[in-house]
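Read through the structure below, which is laid out as structure tokens, and then see the notes.
The values are calculated or read from the model by the stated rules, or taken from the named source; none is laboratory data. Every value quoted in this text rests on a predicted model; they were computed, and no experiment measured them. As a convention, Cβ positions derive from the backbone with ideal geometry for all residues, glycine included, and neighbour counts pool all protein chains shown.
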Amino acid sequence: MSIFIDKNTKVVVQGITGRDGSFHTKQMIEYGTQVVAGVTPGKGGQKFEAVSPRGEAIMVPVFNTVEDAVKATGANTSVIYVPPPFAADAIMEAAASGVQLVVCITEGVPVLDMTRVYPFVKERGVRLLGANCPGLISPGQSKVGIIPGRICAEGSVGVVSRSGTLTYEIVYQLTRAGIGQTTCVGIGGDPINGTNFIDCLAAFEKDPQTKAIAMMGEIGGTDEQEAAAYIKQHMTKPVVGFIAGQTAPPGRRMGHAGAIISGSAGTAAEKIEAFEAAGVGVARRPIDFVDLIRARLK
Amino acid sequence: MNLHEYQAKEILRRFGVAIPPGEVATTPAQAEAIATKFGTAVMVKAQVHAGGRGKAGGVKFCKTPADAKEKAAAILGMKIKGLTVEKVLVTVAADIGSEAYVGIIVDRASKKPVFMVSAAGGIDIEEVAAKTPEKIRYHPVDVRYGLQTYEAMQLGFFLYSDVKLARAAAKVMQQLYAAFIASGCSLAEINPLVVTPQGEIIAVDGKMVIDDNELDRRPDIEALRDESSEEQSEVDARKHNLTFIKLEGNVGCVVNGAGLAMATMDLVKYYGGEPANFLDIGGSSNPEKVVNALRIITEDSNVKAILFNIFGGITRTDDVANGIVTATKANPLKVPLVIRLTGTNEELAMKILTDNGFTASKDMDEAVRHVVAIVKGEKAA
């Protein structure tokens with residue numbers, strides 16, 4: 001089992017003919033993801049060529065709109081690689097076209113765009129992951145996004161993280177130690193994102209295959225503290241956490257609004273304290289995940 | 001991107017907010033001339049991208065033009081939180097009856113812009129929030145509809161019981177909201193919003209922080225960037241699409257990805273070292289980026305050793321390896337270099353490095369321990 005995506009996930013790629021979109025579409029297909037359609041306005045009717053894990057040529061049909069792609073192929077998940085000025089519209093287009101999951105890889109989406117997009121997506125009952133995230137992977141089944149497939153292995157640990165390369169680092173260390181994963185989810189580091197730690201923790205709690213969870217947070221905001229409170233109240237499965245930015249210097253913060261609204265400076269120390277209070281194992285170094293997770297899988 | 005007070009006030013004025021007249025001076029003589037022109041008592045205020053200006057002595061009341069000249073001389077060149085004051089705002093001193101706080105921030109929790117207003121404004125507003133939260137009203141705005149008049153009036157009446165003042169304050173809320181959206185802000189603040197003894201509502205201080213992701217589509221706002229008020233190495237890095245923050249330590253760090261960069265700095269500290277910088281070379285790195293990164297780091301004479309920590313996903317590690325070779329051929333390094341890289345094209349990267357006389361590790365923990373041992377003199381490079 002896994003969360004959010006599995007071997008039945010059918011993916012439509014928005015921006016399939018772009019530089020990043022085409023590269024990562026090939027990688028996804030090579031990993032075994034069912035990429036059933038691509039979208040680039042004006043290129044409808046073309047075919048996108050890639051190679052399956054078994055070495056067969058795959059021809060992915062390209063459509064002008066997501067609506068056309070979903071109608072023709074039954075795609076249930078979209079992944080977005082379009083440039084930042086077009087990302088908000090691409091997310092809304094996907095959410096309006098009947099897919100259940102929208103994964104937005106694009107980095108640099110203005111936060112005010114996201115304040116419009118978020119309620120639009122929510123009202124349609126669609127899950128959004130990102131923006132500015134590496135996507136997700138259920139090892140052995142499907143990957144949607146840019147997480148390198150070869151660093152993952154099938155297993156029983158759920159991984160959720162705000163960062164990209166730090167996630168790779170920790171997943172890689174787990175895999176090297178023989179600890180596989182059910183699903184690795186990168187929720188992205190932007191102030192407003194579609195899916196947060198709590199959404200992922202709740203899904204891992206329900207997933208029978210997942211036996212323990214590794215979560216990686218960062219300084220800033222209060223998402224990790226809220227996740228810690230959720231863990232204390234609702235989670236029966238063990239969680240190990242890490243906070244990046246323990247040595248980051250205090251910023252030359254402007255204005256008072258940030259401190260007023262959160263009642264918190266969002267420091268690593270506050271977050272680690274919240275983890276400890278919730279019974280979350282705290283990894284001081286990335287490598288510590290290996291022993292802490294292993295002890296909790298016994 | 002932070003705007004200076006004078007820039008934020010200029011924008012707010014365009015949206016109709018009443019603000020006392022003010023002009024910018026870069027010399028004491030200019031400050032004196034501006035004060036003479038206004039012919040009244042003035043405030044001289046440091047224009048620097050840091051909070052706590054008043055508490056640092058960067059904001060002074062001046063009765064006469066001569067006084068303004070003297071105070072400007074003291075403030076110009078002063079350092080506030082490490083930043084040198086290059087400009088002062090000379091502005092007509094307002095008569096203050098009462099001080100309120102009005103701010104908008106994009107809130108992570110509600111995923112909306114949220115108004116925060118309080119009748120207890122001024123420099124201690126954070127303490128008000130912590131100790132007497134009932135004195136602050138929070139109001140999230142649905143951006144699809146904008147701030148409606150009834151909402152603005154609710155906020156206005158929270159500040160003032162007098163209907164005329166409440167109406168005037170409601171108008172300021174709508175003006176501030178319009179400026180916030182039109183400028184692509186992540187934060188906008190008027191503190192204090194003052195009622196004068198004559199019953200007028202004026203903004204005596206204003207702050208705006210612009211979402212960096214808005215700048216591409218708002219060249220008019222980008223044009224307000226004041227590079228003279230930023231750390232020069234950080235300006236240089238931004239021009240080369242690198243994210244760089246200078247710190248006080250001696251281990252230079254070059255990493256791809258912000259999370260991994262922070263975790264690398266943490267690990268340097270964990271093993272007893274001190275990072276000299278935060279540097280994120282970003283996702284799709286080309287060799288040129290690495291060349292610039294090394295140049296910027298080696299300009300800091302505190303740096304005693306440099307650590308590369310690269311986990312190749314989108315980043316191709318052979319690009320990084322080529323960058324290291326090119327940069328060190330052009331400008332041989334005077335300090336030891338410790339390289340860790342793994343991921344996309346790592347075999348090729350290792351070959352490039354070995355052929356050019358470098359060694360590299362695939363293990364992050366090992367590389368960090370190595371570089372810390374070097375700066376502590378426990379290990380040869």
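Table for the structure above
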{"quantity": "Matching residues, segment A:182-220, being of a type in the set (A, V, I, L, M) and more than 20 Å from A:Pro110 (Cα to Cα)", "calculated": "A:Val185, A:Ile198, A:Leu201, A:Ala202, A:Ala203, A:Ala212, A:Ile213, A:Ala214, A:Met215, A:Met216, A:Ile219"}
{"quantity": "Hits in segment B:293-326 - residues which are without any contact (Cβ under 8 Å) to a residue 40 or more places away in the chain and farther than 29 Å from A:Met28 by Cα", "calculated": "B:Arg295, B:Ser301, B:Ile324, B:Val325, B:Thr326"}
{"quantity": "Per-region count, segment A:89-142, residues within 14 Å of another protein chain (Cβ to nearest Cβ), among the hydrophobic types (A, V, I, L, M, F, W, C) and over 17 Å from the mean Cα position of the chain (by Cα)", "calculated": "5"}
{"quantity": "Members of segment B:77-100 that are surrounded by 15 or more Cβ atoms within 10 Å (Cβ to Cβ), part of a loop (DSSP other than H, G, I, E, B) and touching a Pro at 6+ places or on another chain (Cβ under 7 Å)", "calculated": "B:Ala94"}
{"quantity": "Neighbours by Cβ (under 7 Å, 6+ apart or cross-chain): first from segment B:88-111, on the phi > 0 side of the Ramachandran plot; second hydroxyl-bearing (Ser, Thr, Tyr) and modelled with pLDDT of 95 or more", "calculated": "B:Lys111/A:Thr115; B:Lys111/A:Tyr118"}
{"quantity": "Residue within segment B:177-187 that is at pLDDT 95 or above and on the phi > 0 side of the Ramachandran plot present", "calculated": "yes"}
{"quantity": "Residue in segment B:316-331 that is assigned by TED's automatic domain parsing to the domain that holds B:Tyr271, closer than 12 Å to B:Val268 by Cβ and β-branched (Val, Ile, Thr) present", "calculated": "no"}
{"quantity": "Residues being at pLDDT below 90, at the interface with chain A (Cβ under 9 Å from one of its Cβ atoms) and surrounded by fewer than 24 Cβ atoms within 10 Å (Cβ to Cβ) - total across segment B:246-277", "calculated": "3"}
{"quantity": "Near pairs, Cβ below 7 angstrom, 6+ apart or cross-chain, from segment B:227-240 (free of Cβ contacts under 8 Å to residues at least 40 places away in the same chain) to any residue that is in a helix (DSSP H, G or I) and not charged (D, E, K, R)", "calculated": "B:Glu227/B:Val235"}
{"quantity": "Residue check, B:Asn302 modelled with pLDDT of 95 or more and either in a loop (DSSP other than H, G, I, E, B) or within 14 Å of chain A (Cβ to nearest Cβ) (or both)", "calculated": "no"}
{"quantity": "Filtered residue count, segment B:306-338, keeping only those that are closer than 19 Å to B:Gly249 by Cβ, in a strand (DSSP E or B) and more than 28 Å from the chain's Cα centre (by Cα)", "calculated": "2"}
{"quantity": "Candidate set from segment B:159-194 (those that are assigned to a helix (DSSP H, G or I) and without any contact (Cβ under 8 Å) to a residue 24 or more places away in the chain); member that is nearest to the other protein chains (Cβ to nearest Cβ)", "calculated": "B:Ala170"}
{"quantity": "Close pairs from segment A:217-243: first away from chain B (no Cβ under 14 Å) and more than 13 Å from A:Phe275 (Cα to Cα), partner basic (Lys, Arg) and in a helix (DSSP H, G or I), Cβ under 9 Å, at least 6 apart", "calculated": "A:Lys237/A:Arg296"}
{"quantity": "Hey, A:Ile213 crowded, with 22+ Cβ neighbours inside 10 Å, touching a residue at least 24 places away in the same chain (Cβ under 8 Å), within 12 Å of chain B (Cβ to nearest Cβ) and among the hydrophobic types (A, V, I, L, M, F, W, C) or not", "calculated": "no"}
{"quantity": "Qualifying positions in segment B:1-24 - of a type in the set (A, V, I, L, M, F, W, C), modelled with pLDDT of 95 or more and touching a Lys or Arg at 6+ places or on another chain (Cβ under 7 Å)", "calculated": "B:Ala8, B:Ile19, B:Val24"}
{"quantity": "Failed item, numbered, when A:Ile91 is tested on (1) in a strand (DSSP E or B); (2) crowded, with 16+ Cβ neighbours inside 10 Å", "calculated": "(1)"}
{"quantity": "Count of segment A:116-166 residues which are under 23 Å from A:Phe23 (Cα atoms), in a loop (DSSP other than H, G, I, E, B) and not hydrophobic (A, V, I, L, M, F, W, C)", "calculated": "8"}
{"quantity": "Pair list, Cβ < 8 Å and 6+ apart or interchain, from segment B:138-150 residues that are in a strand (DSSP E or B) to residues that are of a type in the set (Phe, Trp, Tyr) and modelled with pLDDT of 95 or more", "calculated": "B:Tyr138/B:Phe115; B:His139/B:Phe115; B:Pro140/B:Phe115"}
{"quantity": "Residue within segment A:161-178 that is surrounded by 20 or more Cβ atoms within 10 Å (Cβ to Cβ), within 13 Å of another protein chain (Cβ to nearest Cβ) and aromatic (Phe, Trp, Tyr) present", "calculated": "yes"}
{"quantity": "Subset of segment B:278-305 [surrounded by fewer than 18 Cβ atoms within 10 Å (Cβ to Cβ) and under 12 Å from B:Asp236 (Cβ atoms)]", "calculated": "B:Arg295, B:Glu299, B:Asp300"}
{"quantity": "Residues of segment A:69-86 classified as in a helix (DSSP H, G or I) and either of a type in the set (A, V, I, L, M) or within 14 Å of chain B (Cβ to nearest Cβ) (or both), total", "calculated": "6"}
{"quantity": "Matching residues, segment B:357-381, being away from chain A (no Cβ under 14 Å), out of contact with any Lys or Arg (no Cβ under 6 Å at 6 or more places or on another chain) and outside any loop (DSSP other than H, G, I, E, B)", "calculated": "B:Ala360, B:His370, B:Val371, B:Ile374"}
{"quantity": "Some residue of segment B:88-102 being out of contact with any Gly (no Cβ under 9 Å at 6 or more places or on another chain) and within 10 Å of chain A (Cβ to nearest Cβ)", "calculated": "no"}
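Here is a yes/no grid of residues against (1) among the hydrophobic types (A, V, I, L, M, F, W, C); (2) under 17 Å from B:Ala8 (Cβ atoms); (3) outside the structural domain of B:Phe115 (by TED's automatic domain parsing):
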{"site": "B:Leu147", "(1), (2), (3)": "yes, no, no"}
{"site": "B:Phe157", "(1), (2), (3)": "yes, no, no"}
{"site": "B:Asp162", "(1), (2), (3)": "no, no, no"}
{"site": "B:Phe180", "(1), (2), (3)": "yes, yes, no"}
{"site": "B:Gly184", "(1), (2), (3)": "no, yes, no"}
{"site": "B:Asn191", "(1), (2), (3)": "no, yes, no"}
{"site": "B:Gly199", "(1), (2), (3)": "no, no, no"}
{"site": "B:Lys207", "(1), (2), (3)": "no, yes, no"}
{"site": "B:Asn213", "(1), (2), (3)": "no, no, no"}
